[in-house]
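So the structure is just underneath, and the comments pick up after that.
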Amino acid sequence: MNRFGIGQPVRRVEDQRFLTGRGRYVDDIELPRMLHGALVMSPHAHARIKRIDTSAARAAAGVALVLTGEDVKAEKLGGIPPQFMPEDMGGPKGYRTFRPLLEPAKLRYVGDRVAFVVADTPANARLAAELIEIEYQPLPAVVNVEDAVKEGAPRVWDEWTSNVAFPLMMGNKDAADAAFAKAKHVASVRLYNNRVAANTLEPRAAIGDFSDDSYTLYTSSQNPHGVRQILAQRVFSIPESKLRVISPDVGGGFGMKGDTYPEDGLVLLAARRLGRPVKWVASRTESMLGDNHGRDQRVNAEIALDDNGKILAIRAQALHDVGAYITNAGVVPVLCALRNIPGVYLVPAFHVATKAVFTHTTPLGPYRGAGRPEAAYVTERLIEAAAKKIGMDPVELRRRNYIPPSAMPHATGTGWTYDSGDFAKLTDRCIEIADWNGFASRKKLSEGRGKLRGRALIYYLEDSGVFNERMELRFDPSGNATIVAGTHSHGQGHATTYAQMVSDWLGVPFESIRFVQGDTDQVPFGRGTYASRSAMLGGSALKAAADAVIEKAKGLAAHLMEVSAKDISFGSGKFTVAGTDKAIPLTEVAKAFYRPVGIPPQFGVGLDASGSSSHPPTFPNGCHICELEIDPETGVVQIDRYAVVDDVGMVINPMICHGQIEGALAQGIGQALMENVAFDRESGQMLSASFTDYAMPRADDLPEHYELDFIDVPAKTNPLGVKGIGEAGCVGAPPAVMLAVLDALAPLGVEHIDMPATPHRVWQAIQAARK
């Protein structure tokens, strides 16, 4: 067995560099003669710019340039559009926004970009930015999604008919209504999926450079080729070959860094105007105000069941806040929040609808899970409400309605076709490792300490992997291999997992494999990393490249061994001749491709190959069991035990998979218990624009230990059998935690709490129930 091959818990090769402080992030890059930029952001949620006086700022110490919206307008630069709208896929028409680099006239949220100052130091740039005199005309604002759809609400976009950016609907209304009409039981929920901020450890940063009539952008992005495409084609109207985008080490992305932001264009414009590099690095408050947020959905949903507890239909009506602009992938959370509601259950009739709604708030975009957590939250809360309504054990109700393995492939009615899954088997295993049957004794011990104990079991399913991908393999004259990746690792460990694959398939020593990513001049094309796509699409493309390398090397291997190509085969890293002891390692064949003489011309020079992949999504799924305690005197929630059993298809590296699950669990638990972006309903001011007011989970807010396991049910839609992993924990954790909270509070009569279940909210619910 190859101890560095597929399925092995190989330690991440990247970590030595990161742990010893040798990572190279955008802010670590220092270019000669570099200047520094600072933003002026709107202090109003809605306002007209009446006058801007930049004279004092231009005269300030060290200042080289001041840009306003009028300057950008004079340059005739385009705005940043959404990648797609529902109408592009045959859906209903909506309003397509184009976010300018700087807004020249009307501001639509606190944090909208007003001006950009460039100076010799970051401090001087910020000081000069404060000297810009701006006269605003404040206008009425709306920051609550329910307020925004009311008649007479302040309009975010005067050019559009309302604050509804676009509607979406799925399913058959008549069939769902008929099912509800004959249902024995109906249960309903009204839920709020709270707005959250990504809060990456590394704030966004960008450096623009301009020379020889070409641009170079260093940016902390998950998708460098996507950034290049938007900036080149839509903003600057230049050939993509005139813009090089380098995304070096990136300290977390979570979907937020998959977008193109105004600052990416501003540093390029400033660099061109000044003939010097310009760097901008966000402060934490600028990140809170200016980075895309996630979630923020309000939904009313109901479920119909027959007298045996079988689901007949689900209906839902939702409002999804998209903020002031539709971002690059801003449609995705809205779409996936509907599309994934059926989950792992047989749902014969289905009708769900939503309205994406503009508000005077920070734009929304994908955040780890991007609509899948919203869908799972709705479905699992409905299942629990239904179990309570009919007096059935919620685990049993789930079992009765699981899609069985024999029903695969299964079409959901929302456009998905599940290829594989064994949901009951995973449930059984999760119950086992969670010591489900020991709960009663633990609850009694909690009661003895004056604590309330609750538990919940949920089952999630998500879709993962979108678009197509391209990967390359190149061998150098020494026989070492280089992976040229179109994906982008920003914590996922691609340098390790891809090398494991290549070592397994080609027999190349693990330590002899180099990894290249994140530079559009070195990587011909790629789509980056998001939506848990890299192992499936990047890995499948890498497998195609590896197969092509074998096929290309086969002819030269036959020549070197003086046999016919049809008589040789490849395995365990070498070519062998049937019926003989002749063999030659692939690495030796690779070296031969570079010999200056003695190689027939038809073999060319060098051994390399590219591969591409385009496969339907996969459907990772799993069972979560959360067990927690609540102090009724303070409302503090402490998670005591947490078990997860996941089906992520073939596991490439279990150690990395565990890390991905635990990281996503922390974010899902954080949303459920403490994280929340809040706005003042009247002024539109953000009330949580720093870590003083935005609560991030700390180590002692999380379980000391997670019980994690995998049951592999290989995907049938890609050659590796892999499914996504990166977002899984974030999808299952919110319903698991919130249902466990409600289970603990049920003896007191508490029936509902919205996320986040902060100590104050829990304490208030307890007091209200006692009264």
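Quick one: Cα centre-to-centre distance for region 712-764 and region 602-664, in angstrom?
14 Å
Among ALA56, ALA232, ALA765, pick out the residue whose Cα is farthest towards the positive end of the charge dipole of the chain, where Lys and Arg carry +1 and Asp and Glu carry -1 on C-beta, about the Cα centre.
Of the candidates, ALA232 comes out farthest on the positive side.
Out of LEU364, ALA456, GLY23, whose Cα points farthest toward the positive end of the dipole of the chain (charges: +1 Lys, Arg; -1 Asp, Glu; placed on Cβ)?
Result: LEU364, furthest along the dipole toward the positive end.
Jot down the radius of gyration and Dmax of region 639-716, Cα atoms only, both in angstrom.
17.1, 52
Using a Cα-Cα cut-off of under 23 Å, which lysines could be cross-linked to LYS106, ignoring same-chain neighbours fewer than 8 residues away?
LYS50, LYS73, LYS76, LYS150
For region 143-235, state what percent of all Cα-Cα pairs lands in each successive 10 Å bin, counting from 0 Å until the bin that includes the largest distance.
Values per bin, smallest distances first: 10, 20, 23, 26, 14, 6, 2, 0.
Normalise the Cα radius of gyration of region 1-89 by 2.2 N^0.38 Å (N = residues in it) and let me know the number.
That ratio works out to 1.95.
As I understand it, the dipole of region 689-745 uses +1 on the Cβ of Lys and Arg and -1 on the Cβ of Asp and Glu, about the Cα centre. Which of VAL722, LEU702, THR692 lies farthest toward its positive end?
Checking the options against the dipole of region 689-745, the answer is VAL722.
Can you list the GluC sites (Glu not before Pro) in region 558-627 that are in a DSSP coil and have 16 or fewer other beta carbons within 10 angstrom?
Within region 558-627, the qualifying GluC sites (Glu not before Pro) (loop, at most 16 other Cβ atoms within 10 Å) are GLU562.
Enumerate the amide H contacts of ARG99 below 5 Å, restricted to partners 5 or more residues apart or on another chain; note that Pro and chain-start residues carry no placed amide H.
Hits under the 5 Å cutoff: ILE80.
Given only helices, namely DSSP H runs of n ≥ 4 each adding -39500 (n - 2.57), what is the per-residue ellipticity at 222 nm of the chain, to the nearest 500 deg cm²/dmol?
When only DSSP H runs of four or more count, the value is -8500 deg cm²/dmol.
Charges at C-beta only: +1 for Lys and Arg, -1 for Asp and Glu. How large is the resulting dipole of the chain about its Cα centre, in Debye rounded to 20?
Once rounded to the nearest 20, the dipole reads 620 debye.
Determine the percent antiparallel among the DSSP beta bridges restricted to region 31-151, to the nearest 5.
The answer is about 100 percent antiparallel.
Pop out the carbon and sulfur fraction of the accessible area of region 200-298 as a percent, whole number, probe 1.4 Å.
Answer for region 200-298: carbon and sulfur cover 44 percent of the accessible area.
Return the unpartnered cysteines for the chain, using a Cβ-Cβ cut-off of under 4.7 Å.
CYS336, CYS626, CYS657, CYS730
Loop only per DSSP, at most 13 neighbouring Cβ atoms within 10 Å: give me the trypsin sites (Lys or Arg not before Pro) in region 168-236, ordered by residue number.
Sites meeting the loop and neighbour criteria: LYS182, LYS184.
Placing unit charges on C-beta atoms (Lys and Arg positive, Asp and Glu negative, everything else neutral), compute the dipole magnitude of region 1-138 about its Cα centre in debye, rounded to 20.
Roughly 440 debye for region 1-138.
Take every DSSP beta bridge with both residues inside region 159-309 and express the antiparallel ones as a percent of the total, to the nearest 5.
Roughly 85 percent of the DSSP beta bridges within region 159-309 come out antiparallel.
Give me the percent of Cα-Cα pairs in the chain that sit more than 45 Å apart, rounded to a whole number.
The share of Cα pairs beyond 45 Å in the chain comes to 28 percent.
Hey, what's the Cα Rg ratio for region 191-326 versus the globular rule of thumb, 2.2 N^0.38 Å?
Dividing the Cα radius of gyration by 2.2 N^0.38 Å gives 1.45.
Testing the spin-label approximation: label points 7 Å from Cα along Cα→Cβ at GLU633 and LYS73. State their distance in nm.
6.3 nm
Using DSSP, restrict attention to beta bridges with both residues in the chain and report what percent are antiparallel, rounded to the nearest 5.
In the chain, approximately 80 percent of DSSP beta bridges are antiparallel ones.
Would you mind putting 601-609, 665-673, 313-321 in packing order, based on average other-beta-carbon counts within 10 Å, highest first?
665-673, 313-321, 601-609
Determine the per residue accessible area of the chain with all protein chains present and a 1.4 angstrom probe, expressed in square angstrom.
So the chain comes to 38 Å² accessible per residue, rounded to a whole number.
Please go through region 319-379 and write out the chymotrypsin sites (Phe, Trp or Tyr not before Pro) that DSSP classes as loop and that have at most 14 other C-beta atoms within 10 Å.
Answer by residue number: there is no such site.
Give, rounded to the nearest 20 debye, the magnitude of the charge dipole that region 636-692 has about its Cα centre when Lys and Arg contribute +1 at Cβ and Asp and Glu contribute -1 at Cβ.
60 debye
Where does the charge balance sit around GLU87 when Lys and Arg score +1, Asp and Glu -1, over other residues with C-beta under 12 Å from its C-beta?
That sum, taken over residues with Cβ under 12 Å, equals +1.
LYS389: which lysines have alpha carbons under 25 Å from its alpha carbon, excluding same-chain residues fewer than 8 sequence positions away?
Reachable lysines: LYS173, LYS182, LYS184, LYS310, LYS443, LYS771.
For region 33-74, take every pair of Cα atoms, bin their distances at 5 Å starting from 0, and report each bin as a whole percent.
Calculated P(r), rounded to whole percents: 5, 15, 25, 26, 17, 8, 2, 1.
Straight-line reach from LYS723: which lysines fall under 20 Å, measuring Cα to Cα and dropping same-chain residues less than 8 apart?
LYS425, LYS543
Take the Cα radius of gyration of region 627-771 and divide it by 2.2 N^0.38 Å, with N its residue count; two decimals is plenty.
Computed over Cα atoms of region 627-771, the ratio equals 1.23.
The values are calculated or read from the model by the stated rules, or taken from the named source; none is laboratory data. As the structure is a computational prediction, the values presented were derived from the model and not from experiment. We place every Cβ from the backbone using ideal geometry, glycine too, and count neighbours over all the protein chains shown. Surface accessibility is based on the protein's heavy atoms, side chains included, excluding ligands, DNA and RNA. Shrake-Rupley method; radii C 1.70, N 1.55, O 1.52, S 1.80 Å.
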